[in-house]
Amino acid sequence: MDFVINALPQYWEGALLTIRLTVLGAALAFVLAVVVGTMGTLRNPIARAVATVYTEVFRGVAAIVLLFWFGYSFVEITGFRLTTDFAAILALGLNVGAYGAEVVRSSINAVPRAQTEAAIALNMSWWRRTSRVIFPQAWAQMLPTFGNLVIELMKATAIVSILGLTDLTKVADDFRASAVADTFTVYTVALVAYFLFAQVLIVLVRLLERRANRRLGRPTDDSLLGLLRPPSIGTTTGGAR
């Protein structure tokens with residue numbers, strides 16, 4: 001217990017880096033997912049080709065390889081060295097964004113065709129019908145999967161120590177190497193920290209799900225327990241009805 005109390009400042013510093021990489025990586029992944037996923041639903045063959053190339057390339061490359069590439073190979077090609085933080089954010093954001101793009105594309109396509117036809121009949125522009133009619137319904141559909149992707153991104157930040165970044169995992173590994181505490185203790189603290197971060201992310205996503213479904217007039221579980229448990233079978237959490 002004394003070790004845990006004395007080591008908390010170092011763990012906190014590592015946790016802050018993990019949180020920062022998660023937030024910035026998730027922001028990049030979200031932007032890429034929405035833009036590329038929407039491009040994948042357009043009739044324009046060039047836009048769809050660009051979306052397909054991006055998703056297939058970055059889904060097919062391991063995040064750790066991307067991390068090495070941006071950290072060590074990028075400078076050899078461009079002569080410009082990325083900061084280690086930025087290299088990590090790019091690698092994680094591009095990788096997770098490719099998976100998110102498929103979530104966006106499939107969620108938009110899941111909105112009934114009648115909704116689009118009704119918006120066209122009302123003489124809505126593409127931007128207006130997408131932002132006011134299609135995307136709100138698709139947003140509720142994609143949120144649960146987005147939440148899973150953000151949690152996966154958070155856990156993937158554990159690999160950034162290979163670039164020398166002192167994240168939560170690196171702090172635990174340094175304590176193990178210095179033998180100031182046993183291996184079980186140093187990694188258990190990190191394990192609990194990652195678990196707590198994941199629970200916070202889950203609650204935030206459930207709050208967004210509530211808001212999205214409420215705006216669409218769908219029933220929601222407004223209890224505190226509803227934030228901590230997955231939706232029951234048969235409950236609508238997204239998608240158009």
Is it the case, given these coordinates, that LEU143 is of a type in the set (A, V, I, L, M, F, W, C) and in a helix (DSSP H, G or I)? yes
Which ones in segment 62-74 are under 17 Å from the mean Cα position of the chain (by Cα) and among the β-branched types (Val, Ile, Thr)? ILE64
Check on ALA140, crowded, with 20+ Cβ neighbours inside 10 Å, in contact with an Asp or Glu (Cβ under 9 Å, 6 or more places away or on another chain) and either touching a residue at least 40 places away in the same chain (Cβ under 8 Å) or of a type outside the set (Lys, Arg) (or both): yes
Out of the residues in segment 160-182 that are assigned to a helix (DSSP H, G or I), in contact (Cβ under 8 Å) with a residue 24 or more places away in the chain and not charged (D, E, K, R), state the one that is nearest to ARG105 (Cα to Cα). VAL160
With segment 1-79 as the region, which helices (runs of 4 or more DSSP H) entirely inside it contain at least 2 residues that are open to solvent by less than 70 Å² (accessible area, probe 1.4 Å) and modelled with pLDDT under 90? 2-39
Residue in segment 89-101 that is assigned to a helix (DSSP H, G or I), at pLDDT 90 or above and more than 30 Å from VAL192 (Cα to Cα) present: yes
Where residues in segment 202-216 are touching a residue at least 60 places away in the same chain (Cβ under 8 Å) and in a helix (DSSP H, G or I), which of them is nearest to LEU168 (Cα to Cα)? VAL205
Just give me the residues in segment 163-185 being loosely packed, with under 13 Cβ neighbours inside 10 Å and either of a type in the set (A, V, I, L, M) or touching a Pro at 6+ places or on another chain (Cβ under 9 Å) (or both), in sequence order. ALA177, ALA179
Taking LEU82 as the residue in question, decide whether it is in a helix (DSSP H, G or I), without any contact (Cβ under 8 Å) to a residue 40 or more places away in the chain and among the aliphatic types (A, V, I, L, M). no
Does LEU208 meet the test of being under 27 Å from ASN109 (Cα atoms), modelled with pLDDT under 90, open to solvent by 70 Å² or more (accessible area, probe 1.4 Å) and among the hydrophobic types (A, V, I, L, M, F, W, C)? yes
Which numbered condition in (1) open to solvent by 30 Å² or more (accessible area, probe 1.4 Å); (2) of a type in the set (Ser, Thr, Tyr); (3) under 13 Å from ALA15 (Cα atoms); (4) part of a helix (DSSP H, G or I) is the only one that THR157 fails? (1)
Is it the case that segment 112-133 has a residue that's farther than 22 Å from ALA49 by Cα, touching a residue at least 12 places away in the same chain (Cβ under 8 Å) and assigned to a loop (DSSP other than H, G, I, E, B)? yes
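The values are calculated or read from the model by the stated rules, or taken from the named source; none is laboratory data. Treat the numbers as computed from the prediction; the structure is a model and nothing was measured. Virtual Cβ from ideal backbone geometry, glycine too; neighbours counted across all protein chains shown. Accessible surface is based on the protein model in full, side chains and every heavy atom, while ligands, DNA and RNA are left aside. Shrake-Rupley method; radii C 1.70, N 1.55, O 1.52, S 1.80 Å.
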